[in-house]
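K.L.:
Let me give you the structure first, and then I'll get to my questions.
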Amino acid sequence: SIDWAKQTLTEDPLIVQNFVAEHQKELIGMVTIRRDRGVKSQHQAHITRVYIKPEWRGQGIINTFMQACITWAQQHNIIILKLAVTCTNTAAIRAYNRLGFNIYGTDPKCLYLNGEYYDEYLMSREL
């Protein structure tokens, strides 16, 4: 929704950052990185809302997004990045592995879509 987008774009830039990819003023991809706010966990950040339009996948956009997230994290003293990816998304899993992320767990049946449950791999990368 528009309200959600406005809220997301106006959040504290020390806590959250959004990156977008455009082509001829058309949104073709996006990613969000969000630092944990807790005193004991503010050294870590979560990469979420990763999306690249299907026709633009396989062209290195994920590399650019992840490098932007890594750079932002380093500038904000983050030492570990975490993300979750659906276990069936083999292309994304390969890309994240190639970028230095490793699986550290599985979140069973965490997504429900069209009558089916999906597990997610939990992945991390130390900086």
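The values are calculated or read from the model by the stated rules, or taken from the named source; none is laboratory data. Note that this is a predicted model, so its numbers are computed, not measured. Don't worry about glycine lacking a Cβ; one is built from the backbone with ideal geometry, like all the others, and counts go over all protein chains shown. For the accessible areas, the whole protein counts, side chains as well, though only heavy atoms, and no ligand, DNA or RNA atoms are used. Shrake-Rupley method; radii C 1.70, N 1.55, O 1.52, S 1.80 Å.
K.L.:
Along the positive direction of the dipole of the chain (beta-carbon charges: Lys, Arg +1; Asp, Glu -1; about the Cα centre), which of Ala45, Phe19, Pro108 reaches farthest?
P.N.:
My answer, from the dipole projection, is Ala45.
K.L.:
Could you tell me what fraction of 2.2 N^0.38 Å the Cα radius of gyration of the range 56-127 comes to, as a two-decimal ratio?
P.N.:
Numbers: Rg = 13.4 Å, N = 72, 2.2 N^0.38 = 11.2 Å.
The reported ratio for this selection is 1.20.
K.L.:
Of Val50, Val20, which has the most accessible area with a 1.4 Å probe, and how do the rest follow in descending order?
P.N.:
Working: Val50 55, Val20 90 Å².
I get Val20, Val50, largest accessible area first.
K.L.:
Given a 1.4 Å probe, how much area per residue of the chain is accessible, in Å²? Don't skip to the answer; put the middle values down first.
P.N.:
On the way: 8210 Å² over 127 residues.
In whole numbers, the chain has 65 Å² accessible per residue.
K.L.:
Moving on to the next point. Only Cα pairs within less than 10 Å get springs; with that Gaussian network setup on the chain, which residue of Gly115, Gly38, Gly60 has the largest fluctuation?
P.N.:
Result: Gly115 has the largest fluctuation of those listed.
K.L.:
May I ask you to give the percent of accessible area on the chain that is carbon plus sulfur, with a probe radius of 1.4 Å?
P.N.:
Working: 4230 of 8210 Å².
Roughly 52 percent, rounded to a whole number.
K.L.:
Label-point separation (nm) for Leu122 and Thr64, each offset 7 Å from Cα along Cα-to-Cβ?
P.N.:
Between Leu122 and Thr64, the simple spin-label model gives 3.2 nm.
K.L.:
If you take every residue apart from Ile28 with its C-beta less than 9 Å away from the C-beta of Ile28, what net charge results, scoring Lys and Arg +1 and Asp and Glu -1? Walk me through the numbers on the way to the answer.
P.N.:
On the way: positive: Lys53; negative: Glu22, Glu26, Glu55.
Its environment carries a net charge of -2.
K.L.:
Turning to a different aspect of this structure: From largest to smallest, what semi-axes in whole angstrom does the chain give when each is the square root of 5 times an eigenvalue of its alpha carbon gyration tensor? Before the final figure, lay out the partial values.
P.N.:
Details: eigenvalues 89, 80, 53 Å².
Taking √(5λ) for each eigenvalue gives 21, 20, 16 Å, largest first.
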